[in-house]
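> The structure's right below; bear with me while I get my questions together.
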Amino acid sequence: MKIKTIFTGTIASCLFAVTTLMAAEAVEWSYHEQEEWGAIHDPSQTVAPHMYPYAVCGLGQHQSPVDLASANPSRLLNKLKIRYPADTVNFYNSGHGVQVNFSEGYQGQLLIGGEAYPLIQFHFHEPSEHVIGDRTFPAELHFVHVRDDGKIAVLGVLIEIGQENEVFQTVLDNTPYTGKDSNQNPSASINPVLLLPRDKRHFYTLAGSLTTPPCSEGVNWYVLANPISISEAQLAQLKSFYSDNARLPQDLNNRVVAETP
Ligand SMILES: [Zn+2]
């Protein structure tokens, strides 16, 4: 009887431990140790696949970002339709970047050959993650679309220095400086279309991954061929939040980058 009591007690405390740890944050990671993301160990886990939650970052063969320079023109690509109405958004400091989350029930979507991907959030990297040959851009914007079945499509917009962007300024002025903090400003409506280049017809596309841990693959990437511009002062303000929050280009392996003719 004694043994049984101890046994029951152990199960109870284990369950408590598991519940407590599951409520904890995902394992921390940083950009300056990006080569090691795949090896990051979760000490709260004892079962093999869960012990290395970001293993795909190291082992995956379809990782993002990539160098787009080898792109082949293709006439067979799906047309993109970008439907992004204005929204009263949530300005979010993710702890790794400046991010804007759309409200629940937001109707914005990316249509890929008639297939709808709802727009969930956008965020910024400095400098760009995708490169074109030896050309790295000052920053890059990612519009993240997630379907109910979990399928993800990301629309990337390269950013160069030039004229100031008014919508970007609204984002900068409303984002909290503390990581994991968010800010809802009912008077700051964001029209995401104003963060897109005039020419939305030309793009690069390939199958890739999330560019942050867990680096999950199966992400459909579309990077617009034409950049938008922000001012030098705006880039400086972006860098005052996060600088060098960009993953380096990954091997294409056997992937082919396609581009609109
Ligand atoms: Zn991103």
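> So what's the net charge close to Y92: Lys and Arg +1, Asp and Glu -1, counting the other residues with Cβ under 10 Å from its Cβ?
Overall, the nearby charge balance is 0.
> Taking Rh as the Kirkwood radius computed over C-alpha pairs, what is the Stokes-Einstein D of the stretch 161-251 at 4 °C in a medium of viscosity 1.567 mPa s, expressed in µm² per second?
Value of D from the Cα-based Kirkwood radius: 83 µm²/s.
> Let me ask you something else. Length gain on complete extension for the stretch R198 to S243, per 0.36 nm per residue less the alpha carbon to alpha carbon distance?
Net length gain for the segment: 13.5 nm.
> Using label points projected 7 Å from each Cα along Cα→Cβ, tell me how many nm separate D134 and R83, to one decimal.
4.5
> If packing is taken as the average count of other Cβ atoms within 10 Å, what order do 68-74, 42-48 fall into, highest mean first?
Most protected by this proxy first, the peptides run 68-74, 42-48.
> Please say if the stretch 60-114 is rounded, prolate or oblate, where rounded means a/c under 1.5 for a ≥ b ≥ c the square roots of the C-alpha gyration tensor eigenvalues, and otherwise the choice is prolate for a/b larger than b/c and oblate otherwise?
Because a/c hits 1.5 or more and a/b fails to exceed b/c, the stretch 60-114 counts as oblate.
> Out of every Cα-Cα pair in the stretch 76-149, what percent are more than 15 Å apart?
62
> Oh, and also: Given contacts defined as C-alpha pairs under 8 Å and at least six residues apart, what's the relative contact order of the chain, whole-number percent?
About 25 percent, as a whole number.
> Sticking with this one: For the stretch 19-124, which trypsin sites (Lys or Arg not before Pro) pass both filters: DSSP loop (anything but H, G, I, E, B) and at most 13 other C-beta atoms within 10 Å?
Sites meeting the loop and neighbour criteria: R75, K79.
> How big is the dipole moment of the stretch 157-261 about its Cα centre under a simple scheme where the beta carbon of each Lys and Arg is +1, that of each Asp and Glu is -1, and everything else is neutral? Debye, nearest 20, please.
For the stretch 157-261, the charge dipole is close to 240 debye.
> Follow-up. Mind jotting down the distance between the C-alpha centroids of the stretch 117-168 and the stretch 231-256, whole Å?
Measuring centre to centre over Cα atoms gives 9 Å.
> What does the C-alpha gyration tensor say about the overall shape of the stretch 53-185? Classify as rounded when a/c is under 1.5, otherwise prolate if a/b is larger than b/c, or oblate.
Rounded is the answer for the stretch 53-185, as its axis ratio a/c remains below 1.5.
> Could you work out the pair-distance distribution P(r) of the chain from its alpha-carbon pairs, with 5 angstrom bin width and percents rounded to whole numbers?
Going from the shortest bin to the longest, the percentages are 1, 6, 12, 15, 18, 16, 12, 8, 4, 3, 2, 2, 1, 1, 0, 0.
> Considering the dipole of the chain built from charges on the beta carbon (Lys and Arg +1, Asp and Glu -1) around the Cα centre, which of W29, A236, N72 is farthest to its positive end?
Working it through, the farthest residue towards the positive pole turns out to be N72.
> While we're on this one: From the Cα gyration tensor of the stretch 119-158, with a ≥ b ≥ c the square roots of its eigenvalues, which class applies: rounded if a/c is under 1.5, or else prolate if a/b is larger than b/c, or else oblate?
Since a/c reaches 1.5 and a/b is larger than b/c, the shape of the stretch 119-158 is classed as prolate.
> Here is a follow-up. Can you return the aspartates and glutamates within cross-link range of K151? Criterion is Cα-Cα under 18 Å, with same-chain partners fewer than 8 residues away left out.
Filter leaves E115, E217.
> Next up: Could you calculate the FRET efficiency of D148 with V256 from 1/(1 + (r/R0)^6), where r is the beta carbon distance between them and R0 is 22 Å, rounded to 0.05?
0.15
> Here is a further query. Which residue, S216, S103, S64, has the most motion in a Gaussian network model of the chain that connects Cα atoms within less than 10 Å?
Its mean-square fluctuation being the largest, the pick is S103.
> Report the charge-dipole magnitude of the chain in Debye, nearest 20, computed about the Cα centre from +1 at each Lys and Arg Cβ and -1 at each Asp and Glu Cβ.
Here the chain has a charge dipole of around 860 debye.
> Rank-order 107-117, 183-193 by packing density, defined as the average count of other C-beta atoms within 10 Å over each peptide's residues, highest first.
Ranked by mean Cβ neighbours within 10 Å, highest first: 107-117, 183-193.
> Here's a follow-up. At 222 nm, what value in deg cm²/dmol follows for the chain if DSSP H runs of at least 4 each add -39500 (n - 2.57) and the sum is divided by all its residues, to the nearest 500?
-5500 deg cm²/dmol
Only the coordinates and a few stated rules stand behind these numbers; no lab work does. Note that the coordinates shown come from a computational prediction; the quantities given were computed from them, not determined experimentally. Don't worry about glycine lacking a Cβ; one is built from the backbone with ideal geometry, like all the others, and counts go over all protein chains shown.
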